[in-house]
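The numbers here are math on the coordinates, done by the rules we state, and not lab data. Keep in mind it's a predicted model, so treat the numbers as computed, not measured. Here Cβ is always computed from backbone atoms with ideal geometry, including for glycine, and neighbour counts include all displayed protein chains.
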Amino acid sequence: MIRGRVWDQRRLADTSGLHRMTFQRDNAAFEHWLRKQCDVVEADLAHKHERMQKDAFTFLRATFFRWAQRIEKLCPKLKDAPAVLSVGDMHIENYGTWRDAEGRLVWGINDFDEAAVIPYPFDLVRLATSARLAKSQVDNRVRPR
């Protein structure tokens, strides 16, 4: 959710036939929409674009809108599951620790900025995907000697 408005994943979901958009066009359309919703710091956006090229996990984290566009076609058997309020941009780095109002250390989901009502398995698929991508990034960086 961005300033009280949820990114409508179905609005750009029709990518069939001649209307098929490239990632660059999809990204530009999303960023155009985003600029209408809030003030965008262009330098931060440029930095995000650089980071997206780093690895598949970072790309996944940065492109929830694209996931939302594609998930029903990628996992059609899951689209009819009950829709619930979900994290949406679920990935392993959306879990963490913080202090609650009473000073206790708690652990859980810490990022709800793209929460949406979606079929419940979509969060699980995205979380599992992120874990697999993150593991492959760690495996590529840490090699036994």
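Cross-link partners of Lys135 among lysines, defined as those whose alpha carbon lies under 20 angstrom from its own and excluding same-chain residues fewer than eight positions apart: Lys54. In this structure the amide hydrogen of Ser86, modeled in the peptide plane, comes within under 5 Å of the amide hydrogens of Ala116, Val117, Ile118, none closer than 5 places in sequence on its chain.
Restrict the search to region 42-130; then list the trypsin sites (Lys or Arg not before Pro) that DSSP places in a loop and that have at most 15 other Cβ atoms within 10 Å of their Cβ. The partial results should precede the final answer.
Details: sites: Lys48, Arg51, Lys54, Arg61, Arg66, Arg70, Lys73, Lys77, Lys79, Arg99, Arg104, Arg126; in loops: Lys54, Lys79, Arg104.
Counting only loop positions with at most 15 other Cβ atoms within 10 Å, the trypsin sites (Lys or Arg not before Pro) in region 42-130 are Lys54, Lys79, Arg104.
Applying the criteria of a DSSP loop state and at most 15 other Cβ atoms within 10 Å to the GluC sites (Glu not before Pro) of region 85-145 yields Glu102.
Compared with the alpha-carbon gap, the fully stretched path from Arg25 to Leu127 is longer by 34.1 nm at 0.36 nm per residue.
Any idea how far the Cα center of region 32-77 sits from the one of region 81-145, in Å? Using only Cα atoms to place each centre, the spacing works out to 16 Å. Coupling constants for region 68-79 follow from the phi torsions by the Karplus curve (6.51 cos²θ - 1.76 cosθ + 1.60, θ = phi - 60°), and in residue order they are 4, 5, 9, 4, 5, 7, 6, 10, x, 6, 8, 5 Hz; glycine and proline get x.
As a calculated quantity, the FRET efficiency between Ala81 and Ala43 at R0 = 30 Å, using C-beta atoms, amounts to about 0.15.
Approximating the spin labels as points 7 Å out from Cα along Cα→Cβ, the Asn110-to-Glu50 distance works out to 2.4 nm. Let me test this: with uniform point scatterers at the alpha carbons of region 17-141, what is the Debye-based log₁₀ I(q)/I(0) at q = 0.09 1/Å? Debye curve over Cα of region 17-141, log10 I(q)/I(0) at q = 0.09 Å⁻¹: -0.31.
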